[in-house]
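I have placed the structure first, in the form of structure tokens, so that the comments after it can refer back to it.
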Amino acid sequence: EEPARFWDRPMIIASLGLTRIAGHSERCIAREYDLVIVDEAHHLKTATSKNHQLVKQIRRKFLLLLTATPIQNDLVELYNLINLLRPGTLGTQAEFKGRFVKPGHPTEPLDRDRLRELLSTVMIRNTRGFVDVKLPRRFAATRMIVPTPEEAAMLDALQASLREAFREEGSGRRRMVYANLLGMAGSSPPALRMALARARASESGLPKLPVWCEIEPQPENSHPLITAKDHELLGLLRQAKDGKVLVFTRF
């Protein structure tokens, strides 16, 4: 709430989202830092992104990038991270792609030994075995949940509408919106309702959905739809032996 006071501190912890906001970004890049640490640094993987450009502008003596996923879709993402740390280490992007990226296979490197040698000058890879972390045994289970007839009808209708929209007007940005809608529909009807409300209020553009009237935003005091997933979760919660449960959800 007080940007001037916040950015005047000798040590600062801030999210990238906060730092990008007008009033904060100007004060952040106006200073010079001894050390800048970026956690979840794969959010800087795209050189043209606001996150990448922001960190690039920060004046610092040292930069430490921490990530468990330096490559997600393309080796160029790794190039962009290294270029923040020490520009020129991997040459220009065109030189890097020509020498180290296998044509048609963006995540497969050429000349692995030379690439590994160059990366070793700026990157430390810590594996679980190397740091000798003693983790308790993990029990993982996947539960397949059959949606209720009402949920299934909604999902089928939404998917049919979006499939048609992909064919007719599927630009890159809109396709991302459509894909997110499907993800939210799979999460829960309330998540989908909120997404549709936001998308309709913005300039995202949406196809005409036959299920629109069924998933219109409802009054806050109305009872939420209990889904098949909700019933499954409630059953699992009742099985918790000590009563302590931590639930992670995307939406």
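Assorted remarks:
- The numbered conditions (1) on the phi < 0 side of the Ramachandran plot; (2) open to solvent by less than 80 Å² (accessible area, probe 1.4 Å); (3) modelled with pLDDT of 75 or more are all true for Thr249 except (2).
- For beta carbons closer than 6 Å, sequence separation of 6+ or different chains, a first residue in region 227-240 that is closer than 13 Å to Ser187 by Cα and a second that is aliphatic (A, V, I, L, M) and part of a helix (DSSP H, G or I), there are no qualifying pairs.
- Here is the figure for region 38-64: residues that are of a type in the set (A, V, I, L, M, F, W, C) and under 18 Å from Ile124 (Cβ atoms) total 6.
- Pair list, Cβ under 9 Å, 6 or more apart: region 9-22 residue surrounded by fewer than 10 Cβ atoms within 10 Å (Cβ to Cβ), other residue small (Gly, Ala, Ser) and part of a loop (DSSP other than H, G, I, E, B): none
- Selection over region 40-55 of residues that are open to solvent by less than 100 Å² (accessible area, probe 1.4 Å) and assigned to a loop (DSSP other than H, G, I, E, B) gives a count of 5.
- Region 160-178 - residue that is modelled with pLDDT of 80 or more and of a type in the set (A, V, I, L, M, F, W, C) and, of those, nearest to Leu196 (Cα to Cα): Leu162
- Test: Ile58 is out of contact with any Pro (no Cβ under 7 Å at 6 or more places or on another chain), modelled with pLDDT under 95 and surrounded by 11 or more Cβ atoms within 10 Å (Cβ to Cβ): no
- Long-range neighbours under 7 Å by Cβ, at least six apart or interchain, first residue closer than 19 Å to Ile21 by Cβ within region 44-61, second open to solvent by 40 Å² or more (accessible area, probe 1.4 Å) and part of a loop (DSSP other than H, G, I, E, B): His52/Thr46
- The requirement of being basic (Lys, Arg) and free of Cβ contacts under 8 Å to residues at least 40 places away in the same chain is fulfilled nowhere in region 140-161; no residue meets it.
- Out of Ala152, Ala157, Ala195, one residue alone is modelled with pLDDT of 75 or more, in a helix (DSSP H, G or I), over 28 Å from Ala68 (Cα atoms) and touching a Pro at 6+ places or on another chain (Cβ under 8 Å). It is Ala157.
- Qualifying positions in region 180-189 - in a helix (DSSP H, G or I) and either of a type in the set (S, T, N, Q) or open to solvent by 40 Å² or more (accessible area, probe 1.4 Å) (or both): Asn180, Leu182, Gly186, Ser187
- Criterion violated by Asn83 - all others in (1) assigned to a helix (DSSP H, G or I); (2) closer than 30 Å to Lys102 by Cα; (3) under 14 Å from the mean Cα position of the chain (by Cα) satisfied: (3)
The values are calculated or read from the model by the stated rules, or taken from the named source; none is laboratory data. If you're wondering where the values come from, they're calculated on a predicted model, not measured in any experiment. Methodologically, a virtual Cβ is constructed for each residue, glycine included, from the backbone with ideal geometry; neighbour enumeration extends over all protein chains shown. The protein model used for the area step is the full one, side chains on, heavy atoms only, and it has no ligands, DNA or RNA in it. Shrake-Rupley method; radii C 1.70, N 1.55, O 1.52, S 1.80 Å.
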